[in-house]
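Asks: Shown below is the structure under consideration.
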Amino acid sequence: MEVKHKECSSKTEEDGQAIVQMWRYIFRFTEMAAIKCVIDLKIADIIESYGSPMTLSHLSSALNCSSSILHRILRFLIHRGIFKEETIGENQTAYSQTPLSRLLATNVESTMAPLLLLETSPVMLAAWPNLSAHLKNSETFPFEIAHGKDLWSYAEANPEHNVLFNEAMACYAKVIAFAILEGCGDIFDGVGCLVDVGGGNGSTLSILVNACPWMKGINFDLPHVVCASPQYENVQHVAGNMFDFVPKADVAFLKWILHDWNDEECIKILKRCKEAIPKSGGKVIIVEAIIEEKSENKKVSDVGLMFDLVMMAHTNKGKERTIEEWAFVINAAGFTRYTITPIQPIQSLIQCFP
């Protein structure tokens, strides 16, 4: 009887934990909504600019908003490590930044705010309810079901979304660029010209050529992208389609490009890059996530798997890849060897040599 009681107690506890976890899944959108609120109202910007913890009354006055509602939103976010409470002065509660909240400020170099604004836009959210239709018929694509065209065609036809998309891609690309320069900047030694394939508005390339003044840059992207790009010193904007050609350079650089395409398309892009670089001394540099399903770091591996679902929802045939899947497309494109260097918890740098 005692054993049975323990078994029942254990099952009840497991069921209770499952119910709590399911509630968290059901209402997980609340995190996204609260974080968007922080960005819309520039809460992190105000605290960052103030330079020290702010009381609720001071912060609500600066925001011109309800202090009671602000308190409830901050309480929710603090529970998730976004902002923190401190006691100042005469036992007053004040709010300050954390590494997480600082990523939501638009006035810092490491901001990820544009990425969240893109992913919470009605255009991008509209694709997600169509995953089940894609599962039943792999030739129907969630974004196309929602909008009647793929992401790239939609961006070309909608300038506002095109700007939103390019700003989102550029914001974290800056973080990646600095991580590359800090962790393995010597990969650009002796490089006279680098072409950023699918380089968006050219902001990443401008960082790289500024740090490596001996190097000239070619920002290569679709016409509707480069025509809206600002001018940078030592960066030339070139319009074109990477499936047709890639401008000649010592190094071809692909950052968050290949995960948008299936294996056959990736191989074609890589072959075009291989044609653009010299056989001796040339290389292709890829910056992408690498899925590690059995990684000991569950949070990192989970983000990689999330990225893969994002590709499923927003591209027609894109996907994130394991090391083995990367090896397949690199070898199939005709490269003789490659190296992999992790540059951030999520991203790795892959160098491919002809």
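The values are calculated or read from the model by the stated rules, or taken from the named source; none is laboratory data. What you see is a predicted model, and the numbers here were worked out from it, not measured in a lab. Neighbour counts are summed over all protein chains in view; Cβ atoms, including those assigned to glycine, are modelled from backbone coordinates with ideal geometry. The accessibility values were calculated without ligands, DNA or RNA, using every heavy atom of the protein model including side chains. Shrake-Rupley method; radii C 1.70, N 1.55, O 1.52, S 1.80 Å.
Asks: What number goes with the only condition from (1) more than 16 Å from LYS317 (Cα to Cα); (2) open to solvent by 60 Å² or more (accessible area, probe 1.4 Å); (3) touching a residue at least 24 places away in the same chain (Cβ under 8 Å) that TRP128 does not pass?
Replies: Just one mismatch for TRP128, condition (1).
Asks: So, one more: Determine whether PHE245 is outside any loop (DSSP other than H, G, I, E, B) and not charged (D, E, K, R). Explain how you work it out, then say what you get.
Replies: Details: outside any loop (DSSP other than H, G, I, E, B): no; not charged (D, E, K, R): yes.
Against the criterion (outside any loop (DSSP other than H, G, I, E, B) and not charged (D, E, K, R)), PHE245 does not qualify.
Let's see how each residue does on (1) surrounded by 15 or more Cβ atoms within 10 Å (Cβ to Cβ); (2) part of a loop (DSSP other than H, G, I, E, B):
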residue: ALA44; (1), (2): yes, no
residue: GLY81; (1), (2): no, yes
residue: TYR95; (1), (2): yes, no
residue: ALA105; (1), (2): yes, yes
residue: THR111; (1), (2): yes, yes
residue: LEU116; (1), (2): yes, no
residue: VAL123; (1), (2): yes, no
residue: ALA133; (1), (2): no, no
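Asks: Could you look through the stretch 88-109, keep only residues that are closer than 29 Å to ALA170 by Cα and of a type in the set (D, E, K, R), and pick out the one that is modelled with the lowest pLDDT?
Replies: Keep residues of the stretch 88-109 that are closer than 29 Å to ALA170 by Cα, which gives 96-109.
Add one more test, that the residue is of a type in the set (D, E, K, R), and what stays is 102, 109.
On the way: ARG102: 95, GLU109: 82.
Here the answer is GLU109.
Asks: What about GLY190, is it open to solvent by 20 Å² or more (accessible area, probe 1.4 Å) and not in a helix (DSSP H, G or I)?
Replies: Yes, satisfied.
Asks: Now for a separate question. State all residues of the stretch 8-42 that are charged (D, E, K, R), surrounded by 14 or more Cβ atoms within 10 Å (Cβ to Cβ) and assigned to a helix (DSSP H, G or I); if no residue qualifies, say none.
Replies: GLU31, LYS36
Asks: Which numbered condition trips up GLY199, out of (1) in a loop (DSSP other than H, G, I, E, B); (2) open to solvent by 20 Å² or more (accessible area, probe 1.4 Å)?
Replies: Only one criterion in (1) in a loop (DSSP other than H, G, I, E, B); (2) open to solvent by 20 Å² or more (accessible area, probe 1.4 Å) is unmet by GLY199, namely (2).
Asks: So, in the stretch 47-67, exactly how many residues are assigned to a helix (DSSP H, G or I), open to solvent by less than 50 Å² (accessible area, probe 1.4 Å) and within 18 Å of LEU100 (Cβ to Cβ)?
Replies: Number of matching residues: 2.
Asks: Inside the stretch 283-339, can you point out the residues that are charged (D, E, K, R), in contact (Cβ under 8 Å) with a residue 24 or more places away in the chain and outside any loop (DSSP other than H, G, I, E, B)? Break it down into steps so the answer makes sense when it comes.
Replies: Residues of the stretch 283-339 charged (D, E, K, R): 283, 288, 292-294, 296, 298-299, 302, 308, 317, 319-321, 324-325, 337.
Now drop any that are not in contact (Cβ under 8 Å) with a residue 24 or more places away in the chain, which leaves 283, 288, 292-293, 317, 319-321, 325.
Passing the criteria: LYS283, GLU288, ARG321, GLU325.
Asks: Still on this structure, please answer the following. Return the residue satisfying two criteria in turn: it lies in the stretch 137-178 and is modelled with pLDDT under 95, of a type in the set (Val, Ile, Thr) and part of a helix (DSSP H, G or I), and of such residues it is nearest to ILE257 (Cα to Cα).
Replies: ILE176
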